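Q: Questions regarding the structure given below will be posed in turn.
The values are calculated or read from the model by the stated rules, or taken from the named source; none is laboratory data. The structure presented is a predicted model; accordingly, all values stated were derived computationally and were not measured. Cβ coordinates were reconstructed from backbone atoms using ideal geometry, including for glycine residues, and neighbour counts include every protein chain displayed. Ligands, DNA and RNA are stripped out before the accessible areas are found, and what is left, the full protein with its side chains, is counted by its heavy atoms. Shrake-Rupley method; radii C 1.70, N 1.55, O 1.52, S 1.80 Å.
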Amino acid sequence: MSLPVAIVFLPLIAAAMTGLFGRSLGDKLSQLITCLALLAAAALSLFVFQDAVLAHHTQSIVLLRWIDTGPMSVSWGIRVDSLSAVMMLVVTVVSAMVHVYSVGYMAHDKSIPRFMSYLSLFTFAMLMLVTADNFVQLFFGWEGVGLASYLLIGFWFDRPSANAAAIKAFVVNRVGDLGFMLGIFAIFVLFGTFDFTPVFAAAPQMVGKTMAFLSWHPDALTVTGILLLIGAMGKSAQLGLHTWLPDAMEGPTPVSALIHAATMVTAGVFMLCRLSPLLEYAPVVLNTVVVVGATTAIFAATIGLAQTDIKRVIAYSTCSQLGYMFFAAGVSAYPAAMFHLTTHAFFKALLFLAAGSVIHALGGEQDMRKMGGLWKLIPITYALMWIGNLALAGIYPFAGFYSKDIIVDAAYAAGSSFGYYAFILGVAAAFLTSFYSWRLLFMTFHGKARMDAHRLSHVHEAPPVMLVPLFVLALGAIFAGYLGYESFVGAGQAAFWGPSILILPIHQALANAEHLSWMVTHVTLIVGVLGIALAWVFYVVAPGLPGQVAGTFALLYRLFLNKWYVDELYHAVLTRPVGILARWLWKGGDQLVIDGLTTDIPVAATRALSIQFSRLETGYIFHYAYAMLFGVVGLVSWYLVVRP
């Protein structure tokens with residue numbers, strides 16, 4: 001078995017073993033099997049990364065012929081190139097740390113084998129997605145992570161809120177997946193194949209071609225790209241299809257770290273980068289990606305300003321950072337998008353797991369208004385949260401500084417109106433991100449303790465099994481940006497990425513970003529420092545100031561607190577009318593018309609007739625004698641009448 005195959009299927013084997021035999025294996029053995037499988041996969045990913053990226057050895061491993069019918073032929077294979085090798089390394093390392101962390105965090109849960117099995121199943125589906133060699137296999141992994149996320153978000157199924165969140169995530173993603181499926185169908189119609197290599201090779205010949213739909217003849221690549229973009233928007237929680245992401249915080253904290261840091265939500269970004277040889281010839285799609293990403297970045301950042309749940313603040317931060325990755329791809333800075341995806345995986349997983357340590361220390365409390373004064377009680381978690389926040393705010397020399405800075409620079413260097421739009425909103429979102437992330441830290445760890453005395457007396461640092469993964473992720477949050485800059489987006493990017501990413505010569509945003517002025521290249525650092533300073537004033541120096549500001553700008557505060565009322569808007573415009581229509585079709589159409597005419601009336605008539613016939617069965621012999629006599633008379637009469 002080759003290393004890439006082992007990396008992909010080790011999590012599946014672990015998931016099957018713990019899922020099928022978890023009760024027999026027990027909690028400890030189930031944890032050991034899944035953790036060892038993921039640690040082994042992470043170690044093997046290092047060798048694959050060295051082979052595929054540093055040694056430039058790309059390969060496509062065909063496992064079996066999957067679909068072979070008529071003109072459609074699909075193989076089940078594993079594509080190993082720079083893009084997939086980076087994703088394999090990121091996914092397995094973060095997932096391994098989450099698995100180990102879960103040993104401590106879920107220690108008292110009654111369904112540990114099931115939880116560990118779901119985590120490993122999710123990792124397998126994500127690995128299938130990033131190593132896919134064709135659109136059908138990509139869709140298999142795409143739906144696999146959707147299924148696993150449903151299971152993980154609704155893991156505590158005895159909680160109505162968790163069930164509702166899981167269903168919401170599943171349904172909202174189905175909207176995006178419909179666009180994704182239509183995009184895949186369009187690919188087959190246009191190119192006659194689902195395999196990436198021939199599709200990408202034929203993309204230049206499709207420029208200017210149209211496709212017929214009813215009476216319209218739209219540009220083929222534009223329509224296909226927009227449909228695929230809708231799928232990416234659903235998975236990566238972009239504006240309009242983002243509503244599932246905050247509610248997904250109902251799942252256990254390790255789930256939040258796994259889904260919202262390096263895996264599921266980055267699938268859309270990965271897909272856009274994978275499809276760069278296709279999207280480069282569809283400028284309308286790229287401009288749409290810029291608008292969607294930049295708008296999402298500022299939209300989610302404003303909501304994060306007013307949230308009080310520690311996990312929801314980090315969740316909206318994820319949504320905002322995904323917007324950065326999107327508009328980076330939109331200005332053809334795909335390496336910058338992947339760079340931020342990689343660094344973000346480390347510091348965002350660190351922040352989620354550190355938040356889990358806080359929740360663990362407080363016995364399940366997630367409301368930041370009921371925290372405060374914790375830095376002396378859990379100093380290790382406090383220090384690790386500092387590292388994660390410095391990286392998220394883009395402070396030098398932490399990882400976020402390098403990756404966020406190059407994205408904003410590339411947007412400016414694109415020189416287009418769409419690029420300037422992304423630059424302005426990206427800078428504004430960077431300031432807001434710095435402010436609300438440090439608002440989280442100051443409200444949680446500084447000031448007076450706002451929890452009750454009983455809870456305060458039980459505050460304790462997390463056990464080593466939870467802290468060790470945090471230290472590993474902290475190393476990535478500190479050094480990933482510095483170590484990866486030259487290879488990902490610097491002078492060595494062409495050799496690093498090879499043919500896995502295509503950037504046409506007319507799209508030079510990333511190259512031009514190296515020649516910008518000092519003020520432009522350091523603007524994210526400047527606004528990051530300003531955001532931290534403002535948060536310090538608001539929540540440490542003058543803690544009464546936030547309430548005064550919220551009172552002065554009450555309308556704006558309620559708008560941000562209620563998430564721009566997007567859920568309420570959807571409920572009024574979509575959910576409620578569709579519910580009313582569905583109820584009418586159920587009561588009036590199904591029960592009254594369909595059941596009434598085809599089922600209820602014939603059944604009622606048959607029942608009434610059977611009741612009348614049953615009355616003939618009286619049990620009296622003379623009644624039966626009369627019946628026989630009438631029968632004989634009737635038979636003889638019929639014989640005499642009809643006989644010729």
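Q: Those residues that are surrounded by 12 or more Cβ atoms within 10 Å (Cβ to Cβ) and part of a helix (DSSP H, G or I), I need them from region 550-566; list them, please.
A: Residues satisfying the conditions are 550, 556, 557, 558, 559, 560, 561, 563, 564, 565, 566.
Q: Scan (1) farther than 30 Å from residue 103 by Cα; (2) at pLDDT 95 or above for the single condition residue 448 breaks and write down its number.
A: The failed condition is (2).
Q: Could you tell me which of the residues 377, 441, 392, 351 is open to solvent by 30 Å² or more (accessible area, probe 1.4 Å) and either out of contact with any helix residue (DSSP H, G or I) (no Cβ under 8 Å at 6 or more places or on another chain) or hydrophobic (A, V, I, L, M, F, W, C) (or both)?
A: None of the others qualify; the one that does is 377.
Q: Mind checking which residues of region 176-199 are open to solvent by 30 Å² or more (accessible area, probe 1.4 Å), part of a helix (DSSP H, G or I) and under 17 Å from residue 223 (Cα atoms)?
A: Hits for region 176-199 are 178, 181, 182, 185, 188, 189, 190, 191.
Q: Taking the criterion of being under 27 Å from the mean Cα position of the chain (by Cα) and β-branched (Val, Ile, Thr), would at least one residue in region 370-379 satisfy it?
A: No, region 370-379 contains no residue that is under 27 Å from the mean Cα position of the chain (by Cα) and β-branched (Val, Ile, Thr).
Q: Also, quick follow-up: What about residue 391, is it farther than 21 Å from residue 312 by Cα and either in contact with a Phe, Trp or Tyr (Cβ under 8 Å, 6 or more places away or on another chain) or not in a helix (DSSP H, G or I) (or both)?
A: no
Q: Residues of region 277-313 being of a type in the set (S, T, N, Q) and open to solvent by less than 10 Å² (accessible area, probe 1.4 Å), which ones?
A: To start, the set of residues in region 277-313 that are of a type in the set (S, T, N, Q) comprises 287-288, 295-296, 302, 307-308.
Answer for region 277-313, where residues must be of a type in the set (S, T, N, Q) and open to solvent by less than 10 Å² (accessible area, probe 1.4 Å): just 296.
Q: What number of residues in region 405-426 are open to solvent by less than 60 Å² (accessible area, probe 1.4 Å), of a type outside the set (D, E, K, R) and over 22 Å from residue 351 (Cβ atoms)?
A: 10
Q: Just checking, which of 316, 334 is touching a Cys at 6+ places or on another chain (Cβ under 6 Å) and buried (at least 24 other Cβ atoms within 10 Å of the Cβ)?
A: 334
Q: Here's a follow-up. I want to confirm something. Restricting to region 517-528 and keeping residues that are touching a helix residue (DSSP H, G or I) at 6+ places or on another chain (Cβ under 9 Å) and surrounded by fewer than 16 Cβ atoms within 10 Å (Cβ to Cβ), which single residue is nearest to residue 304 (Cα to Cα)? Full working, then the answer.
A: Here is the first cut: in region 517-528, the residues touching a helix residue (DSSP H, G or I) at 6+ places or on another chain (Cβ under 9 Å) are 519-528.
Cutting the leftovers down to surrounded by fewer than 16 Cβ atoms within 10 Å (Cβ to Cβ) gives us 519, 526.
Details: 519: 27, 526: 20 Å.
Once the filter is applied, the top-ranked residue is 526.
Q: Kindly indicate whether residue 266 is β-branched (Val, Ile, Thr), surrounded by fewer than 22 Cβ atoms within 10 Å (Cβ to Cβ) and either modelled with pLDDT of 90 or more or on the phi < 0 side of the Ramachandran plot (or both).
A: Criteria not met by residue 266.
Q: Could you run through region 64-103 and say how many residues are open to solvent by less than 10 Å² (accessible area, probe 1.4 Å) and over 30 Å from residue 198 (Cα atoms)?
A: Selection size over region 64-103: 7.
Q: When you check residue 74 against the structure, is it part of a helix (DSSP H, G or I), touching a residue at least 12 places away in the same chain (Cβ under 8 Å) and β-branched (Val, Ile, Thr), yes or no?
A: In short, no.
Q: Applying the selection to region 33-87, what residues are under 14 Å from residue 8 (Cα atoms) and of a type in the set (Lys, Arg)?
A: The one that is under 14 Å from residue 8 (Cα atoms) and of a type in the set (Lys, Arg): 79.
Q: So, one more: Within region 354-374, how many residues turn out to be touching a strand residue (DSSP E or B) at 6+ places or on another chain (Cβ under 7 Å) and open to solvent by less than 10 Å² (accessible area, probe 1.4 Å)?
A: Summing the residues that are touching a strand residue (DSSP E or B) at 6+ places or on another chain (Cβ under 7 Å) and open to solvent by less than 10 Å² (accessible area, probe 1.4 Å) in region 354-374 gives 0.
Q: Continuing with this model, one more query. Could we say that residue 112 is at pLDDT 90 or above, open to solvent by less than 20 Å² (accessible area, probe 1.4 Å), over 23 Å from residue 345 (Cβ atoms) and among the aliphatic types (A, V, I, L, M) here?
A: yes
Q: Any residue at all in region 125-135 that is part of a helix (DSSP H, G or I), under 20 Å from residue 15 (Cα atoms) and open to solvent by 10 Å² or more (accessible area, probe 1.4 Å)?
A: no
Q: Sort out which residues of region 142-165 are among the hydroxyl-bearing types (Ser, Thr, Tyr) and open to solvent by 60 Å² or more (accessible area, probe 1.4 Å), and write them in order of number.
A: 150
Q: Another question about this same structure. Specify the residue that is surrounded by the most Cβ atoms within 10 Å (Cβ to Cβ); the eligible residues are those in region 395-404 that are in a helix (DSSP H, G or I) and not small (Gly, Ala, Ser).
A: Among those that are in a helix (DSSP H, G or I) and not small (Gly, Ala, Ser), it is 404.
Q: Would you say residue 520 is in contact (Cβ under 8 Å) with a residue 24 or more places away in the chain and in contact with a His (Cβ under 6 Å, 6 or more places away or on another chain)? Working first, answer last.
A: Details: in contact (Cβ under 8 Å) with a residue 24 or more places away in the chain: yes; in contact with a His (Cβ under 6 Å, 6 or more places away or on another chain): no.
For residue 520, the condition - in contact (Cβ under 8 Å) with a residue 24 or more places away in the chain and in contact with a His (Cβ under 6 Å, 6 or more places away or on another chain) - is not met.
Q: Inside region 1-54, can you point out the residues that are open to solvent by 80 Å² or more (accessible area, probe 1.4 Å), over 20 Å from residue 101 (Cα atoms) and of a type outside the set (Ser, Thr, Tyr)?
A: Here is the first cut: in region 1-54, the ones open to solvent by 80 Å² or more (accessible area, probe 1.4 Å) are 1, 13, 20-21, 23-24, 28, 32, 36, 46-47, 50, 54.
Then drop every residue that is not over 20 Å from residue 101 (Cα atoms), which leaves 1, 13, 20-21, 23-24, 46-47, 50, 54.
If the condition is that a residue be open to solvent by 80 Å² or more (accessible area, probe 1.4 Å), over 20 Å from residue 101 (Cα atoms) and of a type outside the set (Ser, Thr, Tyr), then 1, 13, 20, 21, 23, 46, 47, 50, 54 are the ones that fit.
Q: Another question, then. Can you find even one residue in region 428-436 that is within 15 Å of residue 326 (Cβ to Cβ), surrounded by 20 or more Cβ atoms within 10 Å (Cβ to Cβ) and in contact (Cβ under 8 Å) with a residue 60 or more places away in the chain?
A: Step one: filter region 428-436 for residues within 15 Å of residue 326 (Cβ to Cβ), giving 429.
Cutting the leftovers down to surrounded by 20 or more Cβ atoms within 10 Å (Cβ to Cβ) gives us 429.
Then keep just the ones that are in contact (Cβ under 8 Å) with a residue 60 or more places away in the chain; that gives 429.
For region 428-436, residues within 15 Å of residue 326 (Cβ to Cβ), surrounded by 20 or more Cβ atoms within 10 Å (Cβ to Cβ) and in contact (Cβ under 8 Å) with a residue 60 or more places away in the chain: present.
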